Every structure is written in C-alpha cells, then in structure tokens.
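Since the structure comes first, as structure tokens, the remarks are kept for the end.
The values are calculated or read from the model by the stated rules, or taken from the named source; none is laboratory data. Since the model is a prediction, treat every value here as computed from it, not as a measurement. Don't worry about glycine lacking a Cβ; one is built from the backbone with ideal geometry, like all the others, and counts go over all protein chains shown. Quick note on the areas: whole protein, heavy atoms, side chains included, nothing else; ligands and nucleic acids left out. Shrake-Rupley method; radii C 1.70, N 1.55, O 1.52, S 1.80 Å.
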Amino acid sequence: MPKVRTKRTKTVKYIPYASGYVPPTNGEHIEAVGCDGIVPPEYNCQPDKDFIFFNPIPTPTSIDDWLAQYVAPGQTYADYLSTCSWLSPSPVNGINHKFVPTGTNLGDKYPDGKIYLLPIGKFSGKGFIHFNELAKFAEIYLGIPVVILNGIDIDVNFTDKKVYWTNSVSESSSNGESSIPSSKIALESRFYGKHHQIGIASLLYMLRQNIPKDALSVIGLTMSDLYREQSDLFVAGWAAGGDHVAVFSFFRYDPSLTFSNADWYNIRRNQRMSQEHIQKLTFQRSCKLLVHEIGHLLGIGHCIFFECCMNGSGHLAEDLHKLQTLVGFNVLKRYENLLKFYQHHGMKDEAEWITRRIDFINNAPVEII
C-alpha cells in the first residue's frame, strides 16, 4: 500500500524498478503461462517477438507504480498447481459445506459454493455502484456463482470521531443462514477535518464473525476510504485468504478526486466532471479490483510476467490458465460473454482485447477449450 511521503519528489524521465527486482526472461514467460500442453507446436511460440498470449508487464511510468515500490516473487502456473488448496483432494480449512474429493475443479469439489458480496455503508451520489452488474461481471469472469448480501450501515460520528458498524446482515442460502451481530460496534478509524478512514482490520474482523455456510468467500465493498497501518496513505483492499474474507474500497477509484502523495486527508474534487463519466469509470475500475481480490482468495498470487488483472495494477486481462484449471470453464464461451458485457458498458479497451483473443482462438490450428 502507498506510504506517506515526507518530501516532494521530482519528476524524472526514467523510473527504475524497485531495488532487487529483476524482470523475467523470455524463458520465464513461457514457464509462467504453462506453455507445455497449452501452446500448439504449430505456433512455434517466440516470446522474444510479440508474445502469442499476453502483453509483457509494463515498465514503471511513475514512482508510485507497483514494481517501482515492491519486489514481488511472482507465481507461475506450476507454482499455482503445487500450492492451490482449492484443488486439493482434502477440503479447504474453514469451508464446511458439501465437498466432493473426486472433483476435478472448484465447481465439482464444492457444488454448493458461492462468492458473496456485502455492501458496507451508503452507495449513493456520484460514486453510485450498480451491484447487480458488478456481481454479473464477477460471475462471468470467474465462472463461479456470485450472490449479493443485504447491505449494512456505517455510522460516521464526526463529533466523537468514531465509526460504527450498526446493522445486521442476514442472508438465507441453500445450506444455511448468515447473521453478523447487529449491535453497534466501533471500528478502527482516523479523522482529519471532514475526512475519515476506516481500519481495514476491523472490517475483516466483522466479516469473519459469521460467514454463510455455503460461502467460498465473502467480499465487503465500501465507499469509505481505508487504511491498514498508520503510515499508509490508504489501502484499496485486502484479502485474508485463510479466513475467506476480503474488503475493498471504491473511494479512490472516483476519477473526479485528486489525492495528495503526502497526506491521506488532502483530497480535492473536480466539480465539472459529469456524474455519468464518474459512474462509468468508477465501475470499470471496480470490476478490475473485485476480480483481483477474489483471485487472491482463490490462491492466485500477483503476476510479474504479463499485463494482467493480478498485477499490482493493470488492465482487465487475466491469469487465464490458472483460473481455467481451477473453475473448468469453456474459454471461448467465457470470452464471448465478457465481450457482450464490455460492449454493453462501453469498456472499449477491454472489448478490443477480448475480440483479439476470440480471433486468436477461432484461428488456432488446434482447438482451445
């Protein structure tokens, strides 16, 4: 997460990687995607030219970029297969619903499993999010059923400088009911003037209290700004994979807001930006962040090999081989459904990318399912 800066930084033409980071080699690109058994021999895969599958991860263009700040180890397809507990013949810890050990993918192993989205606090005004569409996107992208829980209220008291979790959540499902305690509980928070942030650890704690019995994971979504440590400017989201919960904020995805690199509370709004534009861009950005966080809950680590939704930041590409192995979807049908979604929401870059992928599959010398 971005840290508070103590000095202003000068603009420079060349942005170096974080100290210790070494860009992957061409051979490591092939190994990462799991080319054995996925790249047709007829294609004579040559990653030193235009890589057949994905664009290489972009070099940093700002000192705030992910790889300019962090040294990430990355996760190859083989790494994923060897570490993903969801593909294990034994049930995942904390998951207590029906388990079929002979299943070959997530849907077979956990036939009743769902991902739940929980709205936390108010979603109105310029940053309004269409949750039904967000859930629809996640379900298409991941190939897993996605259900929206009844939202809870957050009471922000500027007089007492307190933030409270105030309402209960109750959602019936095929295997039981979840109910998060309805008592008024103070959350970790910090205030400055008219601005506040909520400590993400306290929100994760509330989600852990009672997860629906058929949940694969519960994702809390909020328009409140978040932080984890006092030194943080903010955190966009956090996934606690072992507990199958995550929280993330749409707040800093609002394109009308400008944020300081030094103070978390120094925020300016562009009053001239239309509400339609704000909602459209916030929604597009939120789609990417949602599947990124769920990806972590499904055992998919950060990607340092390609331009991918599992980068620290990036476009709506994906760790396709890992996800297809986990869920077992038909790649072409998934792409066709994503294309319809992107076109409907005016997501031109993503629609163009998906169109190229569909053309590649349709023209491949062997069938790709």
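Please list, ordered by first then second residue, the pairs with beta carbon atoms under 8 Å, 6 or more apart or interchain, first in segment 264-279 and in contact (Cβ under 8 Å) with a residue 12 or more places away in the chain, second aliphatic (A, V, I, L, M) and assigned to a strand (DSSP E or B). Listed pairs, sorted by first residue: Ile267/Leu257; Arg269/Leu257; Asn270/Leu257. Residues in segment 331-352 that are closer than 13 Å to Cys287 by Cα and among the hydrophobic types (A, V, I, L, M, F, W, C): Leu338, Phe341, Met347. Of all residues in segment 40-50, one or more are under 30 Å from Glu139 (Cα atoms) and modelled with pLDDT under 80. Checked against (1) surrounded by 17 or more Cβ atoms within 10 Å (Cβ to Cβ); (2) part of a loop (DSSP other than H, G, I, E, B); (3) at pLDDT 85 or above, Asn311 passes all but condition (3). Filtering segment 245-268 down to residues that are charged (D, E, K, R) and touching a strand residue (DSSP E or B) at 6+ places or on another chain (Cβ under 7 Å), which residue is nearest to Leu117 (Cα to Cα)? Only one residue tops the list, namely Arg252.
Screening Leu323, Leu298, Leu290 for residues that are at pLDDT 85 or above, surrounded by 21 or more Cβ atoms within 10 Å (Cβ to Cβ) and over 19 Å from Leu339 (Cα atoms) leaves exactly one candidate, Leu298. With respect to Gly199, determine if the residue is within 28 Å of Asn270 (Cβ to Cβ) and either modelled with pLDDT of 90 or more or open to solvent by 30 Å² or more (accessible area, probe 1.4 Å) (or both). Spelling it out, it is not the case that Gly199 is within 28 Å of Asn270 (Cβ to Cβ) and either modelled with pLDDT of 90 or more or open to solvent by 30 Å² or more (accessible area, probe 1.4 Å) (or both).
With the structure loaded, tell me whether Leu289 is farther than 18 Å from Asp232 by Cβ, of a type in the set (A, V, I, L, M, F, W, C) and within 20 Å of the chain's Cα centre (by Cα) or whether it fails that test. When the stated conditions are applied, Leu289 does not pass them. Those strands (runs of 3 or more DSSP E) of segment 58-171 in which 2 or more residues are surrounded by fewer than 20 Cβ atoms within 10 Å (Cβ to Cβ), of a type outside the set (A, V, I, L, M) and touching a Phe, Trp or Tyr at 6+ places or on another chain (Cβ under 9 Å) occupy 154-157.
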